[in-house]
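Report on the following structure.
The values are calculated or read from the model by the stated rules, or taken from the named source; none is laboratory data. What you see is a predicted model, and the numbers here were worked out from it, not measured in a lab. Because the Cβ atoms are built from the backbone with ideal geometry, glycine has one as well, and the counts that use them run over all protein chains shown.
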């Protein structure tokens, strides 16, 4: 074999050896990435506080896979994920996510806050109160649940004014429907709506008015016993109601000094 031929073969061997070495190095597995959920969570919260809700949401979503199941930090992660959806205007998703936090982490500090925000999210969705009361009714039910489950929490204190406003709003609407039927002398229907005000919204401003109109309805159809029971209830629990003595005259005492049952006005 000539010297030139030997040189060519040697060069080929070197090239093939180099390619094989490069190929072997390319197949080495990459170094594992060590998850740092605590650091990612802190970064996400900083982004949230700066108002960068989209990036905070993405980072929080990643941490849900980094924390081990049952980790206490997950309550905070899921709460702020719901807050990101709320701040980004996705109130349907926010309402569902806040509800989930309250249900899955009921003993954490985030449970009452999540209920408060679930009510707020439903309230934001209540765009046509005069047509569809569903979201408003859901918000009221959640606020009431919050004050019942966590009565001493700051979240409950913040929910009470919302609940009172909604109760008055729904009571007013129901009362007006009862008045509609009362004016048309559809007394049975009127009674249903007035009773609904009293049973569902007993603390609303319209509750004593609904009782007065219930007396008027019973008087019109001569339900004497029901009328008297309603008057007694009014005198006992709402003694300062405007028009009470006119609608339910106080009973005059008999000869023994005991108040007698007032006569039914004609």
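Of all the residues in the range 128-168, those that are in a loop (DSSP other than H, G, I, E, B) and free of Cβ contacts under 8 Å to residues at least 24 places away in the same chain number 6.
Residue 186: surrounded by fewer than 17 Cβ atoms within 10 Å (Cβ to Cβ), without any contact (Cβ under 8 Å) to a residue 24 or more places away in the chain, over 24 Å from residue 118 (Cα atoms) and not assigned by TED's automatic domain parsing to the domain that holds residue 113, yes or no? Give the derivation first.
On the way: surrounded by fewer than 17 Cβ atoms within 10 Å (Cβ to Cβ): yes; without any contact (Cβ under 8 Å) to a residue 24 or more places away in the chain: yes; over 24 Å from residue 118 (Cα atoms): yes; not assigned by TED's automatic domain parsing to the domain that holds residue 113: yes.
When the stated conditions are applied, residue 186 passes them.
Given (1) within 24 Å of residue 207 (Cα to Cα); (2) surrounded by 20 or more Cβ atoms within 10 Å (Cβ to Cβ); (3) more than 11 Å from the chain's Cα centre (by Cα), where does residue 63 come up short, assuming only one miss? So residue 63 meets the others, but not (1). For the range 103-114, the criterion of a residue being touching a residue at least 40 places away in the same chain (Cβ under 8 Å), part of a helix (DSSP H, G or I), farther than 30 Å from residue 174 by Cβ and not assigned by TED's automatic domain parsing to the domain that holds residue 177 is satisfied by at least one position. Every test in (1) part of a helix (DSSP H, G or I); (2) without any contact (Cβ under 8 Å) to a residue 40 or more places away in the chain; (3) under 25 Å from residue 131 (Cα atoms) is passed by residue 202 save one, and that test is (1). With respect to the conditions (1) surrounded by fewer than 17 Cβ atoms within 10 Å (Cβ to Cβ); (2) under 18 Å from residue 176 (Cα atoms), residue 239 lacks only one, and its number is (2).
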